[in-house]
Every structure is written in structure tokens, then in C-alpha cells.
1. In the stretch B:174-190, how many are under 14 Å from B:Val41 (Cα atoms), assigned to a strand (DSSP E or B) and not β-branched (Val, Ile, Thr)?
2. Return only the number of the condition from (1) out of contact with any strand residue (DSSP E or B) (no Cβ under 6 Å at 6 or more places or on another chain); (2) surrounded by 18 or more Cβ atoms within 10 Å (Cβ to Cβ) that B:Asn120 does not satisfy.
3. For the stretch B:49-62, how many residues are away from chain A (no Cβ under 14 Å) and over 21 Å from A:Phe220 (Cα atoms)?
4. Go through the stretch B:196-218 and give me each residue that's more than 19 Å from B:Phe21 (Cα to Cα), in contact (Cβ under 8 Å) with a residue 24 or more places away in the chain, assigned to a loop (DSSP other than H, G, I, E, B) and not polar (S, T, N, Q).
5. Say whether the condition of being within 26 Å of A:Gln152 (Cα to Cα) and within 14 Å of chain A (Cβ to nearest Cβ) is met by at least one residue in the stretch B:191-201.
6. Would you confirm, using the coordinates I've provided, whether A:Leu145 is in a helix (DSSP H, G or I), facing chain B (nearest Cβ under 10 Å) and over 13 Å from the mean Cα position of the chain (by Cα)?
7. In the stretch B:107-136, what count of residues is obtained for those that are more than 13 Å from every other protein chain (Cβ to nearest Cβ) and without any contact (Cβ under 8 Å) to a residue 12 or more places away in the chain?
8. For B:Phe221, which of the numbered conditions (1) part of a loop (DSSP other than H, G, I, E, B); (2) surrounded by 16 or more Cβ atoms within 10 Å (Cβ to Cβ); (3) touching a Leu at 6+ places or on another chain (Cβ under 9 Å); (4) more than 9 Å from every other protein chain (Cβ to nearest Cβ) fails to hold?
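The values are calculated or read from the model by the stated rules, or taken from the named source; none is laboratory data. What you see is a predicted model; the values in this text were computed from it and never measured. No Cβ is skipped: glycine too gets one built from the backbone with ideal geometry, and neighbour counts run over all protein chains shown.
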Amino acid sequence: MLGVRALFGIGLLVTSRGGSVLTHTGACARIASNIYSKDLTHRQACTMADTIKYLGQEEAQHIDEELFDEYSFSVDQLMELAGLSCATAVSKGYPLQSLLKSPPRVLVICGPGNNGGDGLVCARHLKLFGYEPSVLYPKRPSKQLFQNLTTQCEKMDISFLTEMPEVQHKPQRFFFHLLGWDVENGCPDGIQPDMLISLTAPKKAANHFKGRYHFLGGRFVPPALEQKYQLNLPQYPGTDCVHQLN
Amino acid sequence: MFCSKEEAVAMETELLRDYGFGRQQLTEMLGHACATAITQVFPLASLEKRQPTVLVACGPDQNGCVGLACARHLRVFEYIPTVFIPKRSSDALHQDLRLQCERMDLPFLSYLPTEVQLINEAYNLVVDAVLGPETELASVGEPFTGVLQTLRGLKAPIASLDIPSGWDADESSSDGISPALLVSLMTPKRCALSFSGAHFLAGRFLPFDLQRKYELNLPKFSGTDAVVQL
């Protein structure tokens, strides 16, 4: 049985530095004078020469703070996009048609922090995508945000388990993102997931990841933030909110 | 599937009051979905101008909030959106979303030129998020009447969010804005019955029992798509 200590997640929030405000007055014919072309060529150059950056704990926290303080995002917003990314990654790695059991059951284990909140959002989107998620949420914070997310799941008929189910035979696909690992050093005797969804940018611990699928999610990083921290994010395909890294 | 103004309002109230959703969440999901629909109808590669410029006109109410979220996602999808807000909003969410666009370095127009030629030349597409189904049309005055007049005269294609601005949500319209793309939010409104352009549905978050309660009979979204073409 997984101990509760294994369920804490790292803060996924990524901060970003505020960019300058551009206000154009006058005729719009002057608009779009290569404001962004620098960004686009930068991104193209990055994917050719540089690899994606793996963040340390302090950097990840700074990025979080900037996203809220300087870019004025709210937790609700980013958590929704993060959870959607996670559900999308699951459906790419474990498409409905490929699952042997019917109905396609998924267990989503949620810890007490923001990582758990991502999990609740993810469970809701998984239900909309046609999976049958159940949630194990042993320690629920009192913050309104998490209570709302729980209500949303309950109203979608997602069952909340009271304890970890016994695993009798080959289990349904479980996936966790960085549960119980040290953000930078990983955890050699910890959970070894099959899929890792790195949110915003991968953390150094992901260097120790040995599973089959490593996805990047959380497609909301402002270009100025990406440049400031030299994240070297790859180009997401089309309008996808995930990108497969391996 | 096509619902009335009252039903749309009742549904949204239930989502917020009984289902625990927050306005910020719903607005974010809708904005993201609208941007996705726009990329399907107007893919980057299809745009004629040298730069993938888009003008996003956002009114002061919920429709404008969705427009602001949409503008931000269009930027993430590598379009170059410029935002035009005809009238400052007193809504806190609107103000936050506006700030997020500013922090993402999106340019803002301080006024909308009345010479439509300037707009046609500068932008590949105009996103109309000015007025939504909740608007009382009789009370619409300046600056919106001027904005609508300009939009009516455009050659550049228009993508309207939820309903074309200035249309009555329950009636068909003969002399209003004629968008190339309509993205209905959550469920199409009755006025969309007379719409003849590309029509998409956004809002893949409606709980199944709410859909059943209002007898929405929505089409199935495929895979992980955020929108479905109607």
C-alpha cells in the first residue's frame, strides 16, 4: 500500500517575469512590426541547437512566483490547463482502444498540494475523454479551490475511494507525476512510473526517469518567461497541449 | 440542441452554483477552445499576409473575457493577436485577463479606425468578442454601435464567439455582422439556426447530467478535441 508520504507533489506552478506593456495608438497599419519574429526565430534556433532545460527546485519556485505575481495568472487557470495536459498525455500514451479492460478504469491518486489539484482536474477531463477514473484523495486541504475541484468531480459521477484498492492482477495503467521523488535527485527506490508528465518544464529529477513516456505539458509559458530562464521549450505540435519528449 | 437565452443563463448559473465551477476556469477553457477552432478554420499556413496578425475585439462583459483568454491562446499558438477593448470593464476577471494579455506583450489598440481598409490590410482575421447573448440590445450605445458598424463593413473574415455581436440570441438576423466562423459556447443559441458559415461548438466540460437535464443532445467530441464542428 502506498504510504501517504509518497503522495506529496512538488509545486508545479511556474512563475514568469512580466514583459513590458506594448500599447499601440493610432492606425493599426503600424501594428505587428516584427514584435514577435524574434521569438519565433529564437524558438526555431533552440530546437535545432539546444536541449530543453531541466529545472532545479529553486528555479521552479521562482518561475511559479513570477507567473502569479508578474504575469497575473491565477491558480485556477493554470491548474485547469495543467490538468488538461495530463489527461491529454494519458490518452496519447494509453489510448482508449488500446486498453484491455472495459470499462477503461484509471485510478488517480491525489496528494494534498497543488499536484493533487492537477490530478483532480485531470480526472475530470479523463472522464470527458471516455475513461472511467476513480480518485483516491486521502488528505484534502480546506482551501476552497480544492473543495470546488472535488465537487466538480463528484458531480461528474467520479467515485472517490476511501482506501487504496487491492491489486490482484495486472493493474490498470497507473501513472504518477513525480510523487515522492526529490525534485532534483529523484528516488532510486521510489515509484517507477511508466509515464511522466512534466508541467511547464521538466525538473532535474526527470533525468532519473526510466519509463516509456515522458511528456511536457502546461502550454501557457509566456515567451518572455521562457527566454528569461532559457527553458528552450520545444515546439508543441499544432494546438496540442502536450509534447512527447522521448 | 439550440437553446434560448434564458436556458443558457440558467445553465451557466447551475454550473457555477451547483457544480462548483469557477468563472475563471470556464472562461479559460472556452478561450482555449475558441482559439483551437480558429486554428482549424484559419490555419497559420493559410493566412495571406506576411505576418499571422489577428485583431481580437473584446467587449466589457463575459463575451469579452472569453475573447481575452482566446487572444492569449492564439499567441501561444503562434498567431500575432492585437487586442481592442472599446470600453474599460469594471469586472475583476476582465481586468485580470486584460493584464495577462498585456504581460504577454500583446499589443493593444487605443481606438478602432473607421476606415475599414486599414483593418483589412493589417489583419488576416478579426475575432468578434464584443457582445454576447446576455446583452440587452436595446441598451447598446456608443462605442459599440460604431464598432459594430465598422465590423459590418469589413472584408477581412470575422470569427464571432458565442453569437455574432449585435444579433439577438433568440432570433435570426438579416442585417447584422456576417461572420465566416461562429464558435458557440457550451451550446448553440437559437439565432445560430440561421447561420450559414463554419460553425463550431466549444465547451467540452458540460457534465453529462446537465446535458440530459436541458436535453442538449450535443454531438460527440472526438478524441481529446476541445471543439466539434456542427
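1. Residues of the stretch B:174-190 under 14 Å from B:Val41 (Cα atoms): B:179-183.
Checking the rest, the ones that are also assigned to a strand (DSSP E or B) come to B:181-183.
Restricting the remaining residues to those that are not β-branched (Val, Ile, Thr) gives B:181-182.
Summing the residues that are under 14 Å from B:Val41 (Cα atoms), assigned to a strand (DSSP E or B) and not β-branched (Val, Ile, Thr) in the stretch B:174-190 gives 2.
2. Of the numbered conditions (1) out of contact with any strand residue (DSSP E or B) (no Cβ under 6 Å at 6 or more places or on another chain); (2) surrounded by 18 or more Cβ atoms within 10 Å (Cβ to Cβ), the odd one out for B:Asn120 is (2).
3. Step one: of the stretch B:49-62, the residues away from chain A (no Cβ under 14 Å) are B:58-62.
Retained after the next criterion (residues that are over 21 Å from A:Phe220 (Cα atoms)): B:59-62.
The qualifying residues number 4.
4. B:Leu216, B:Leu218
5. Our first condition is that a residue be within 26 Å of A:Gln152 (Cα to Cα); within the stretch B:191-201, this holds for B:200-201.
From what is left, the residues that are within 14 Å of chain A (Cβ to nearest Cβ) are B:200-201.
Within the stretch B:191-201, one or more residues are within 26 Å of A:Gln152 (Cα to Cα) and within 14 Å of chain A (Cβ to nearest Cβ).
6. Working: in a helix (DSSP H, G or I): yes; facing chain B (nearest Cβ under 10 Å): yes; over 13 Å from the mean Cα position of the chain (by Cα): yes.
When the stated conditions are applied, A:Leu145 passes them.
7. Number of matching residues: 1.
8. Against the list (1) part of a loop (DSSP other than H, G, I, E, B); (2) surrounded by 16 or more Cβ atoms within 10 Å (Cβ to Cβ); (3) touching a Leu at 6+ places or on another chain (Cβ under 9 Å); (4) more than 9 Å from every other protein chain (Cβ to nearest Cβ), B:Phe221 comes up short only on (4).
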